[in-house]
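The values are calculated or read from the model by the stated rules, or taken from the named source; none is laboratory data. This structure is a prediction, so every number in the text was calculated from the model and none was measured. Cβ placement follows ideal geometry from the backbone for every residue including glycine, while neighbour counts extend to all protein chains displayed. Accessible surface areas use protein heavy atoms only, side chains included; no ligands, DNA or RNA. Shrake-Rupley method; radii C 1.70, N 1.55, O 1.52, S 1.80 Å.
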Amino acid sequence: MPPTEIHTESYEGQCLCGAVRLKTQLKSNHVDACHCSMCRKWGGGPFLAVQCEGDVRFEGAEHIATYQSSEWAERGFCKACGTHLFYRLSEGNSYALPVGLLQEQQAWAFTEEIFIDEKPDFYSFAQETKKLTGEEVFAQYSNE
């Protein structure tokens, strides 16, 4: 199925315990995987994420803790149950959400893998995707 743009639908999700709920719009139906060592350490495997269009609205924000994981980004999680809620760039309003948080059963399209040069050999995905090294990712963001 070809990737489609999604700009009109709102998506909702919540953490495991329900203390944090979110609502957002997505840029597309694309799911990307990050293989960087921080994402793998954070979640035990690659980070499968969707990119948000604009703001993410949170209910229960008092239950969100953040961790400044690099000079340019932070990671958010639920203080009560530990569910990973987002990866957010420090500048701008760019959120990547774990696709598993979203309640809607979307026709997702797995399209891109980043930090492919950090991916361990013990797993791989069957789908053909665009693959970027860490150097290519940083070059892409420095051009934006």
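Gain in length, GLU104 to LEU89, computed as 0.36 nm per residue apart minus the alpha-carbon separation, to one decimal in nm? Working shown, then result.
Details: separation 15, 0.36 × 15 = 5.40 nm, distance 2.48 nm.
Difference between extended and current length: 2.9 nm.
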Exercise. Using label points projected 7 Å from each Cα along Cα→Cβ, tell me how many nm separate ARG57 and LEU16, to one decimal.
Key: 2.8
Quiz item: So what are the radius of gyration and Dmax for the Cα set of segment 65-144, in Å?
Solution: 14.6, 38
Self-check item: Percent antiparallel among DSSP beta bridges (both partners in the chain, rounded to 5)
Solution: 80
Exercise. For the chain, state the semi-axes of the equivalent ellipsoid (square roots of 5 times the eigenvalues of the alpha-carbon gyration tensor), sorted largest first and rounded to whole angstrom.
Key: 23, 19, 15
Quiz item: Near ALA33, within a Cβ-to-Cβ distance under 14 Å, what is the net charge of the other residues, with Lys and Arg +1 and Asp and Glu -1?
Solution: -2
Exercise. Evaluate the distance, in nm, between pseudo-label points positioned 7 Å from the Cα of MET38 and of GLU71 along their respective Cα→Cβ axes.
Key: 1.2
Quiz item: Residues with beta-carbon under 12 Å from that of THR66, excluding THR66: net charge, scoring Lys, Arg +1 and Asp, Glu -1?
Solution: +2
Self-check item: Amide proton proximity set for ILE64, modelled H, under 5 Å, gap of 5+
Solution: LYS79
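Please label the shape of segment 6-68 as rounded, prolate or oblate, based on the square roots a ≥ b ≥ c of the eigenvalues of the alpha-carbon gyration tensor (a/c under 1.5 means rounded; beyond that, a/b larger than b/c means prolate, else oblate). Don't jump to the answer; show the numbers that get you there.
Details: a/c = 2.15, a/b = 1.13, b/c = 1.91.
In terms of gyration-tensor shape, oblate.
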Quiz item: With every protein chain in place, what's the accessible area of GLU136 (1.4 Å probe, Å², nearest 10)?
Solution: 90
Self-check item: GNM result for the chain, Cα springs below 10 Å: residue of GLY76, GLY45, GLY18 fluctuating most strongly
Solution: GLY18
Quiz item: Size of segment 100-144 along its principal axes in angstrom, Cα-based, largest extent first?
Solution: 33, 31, 19
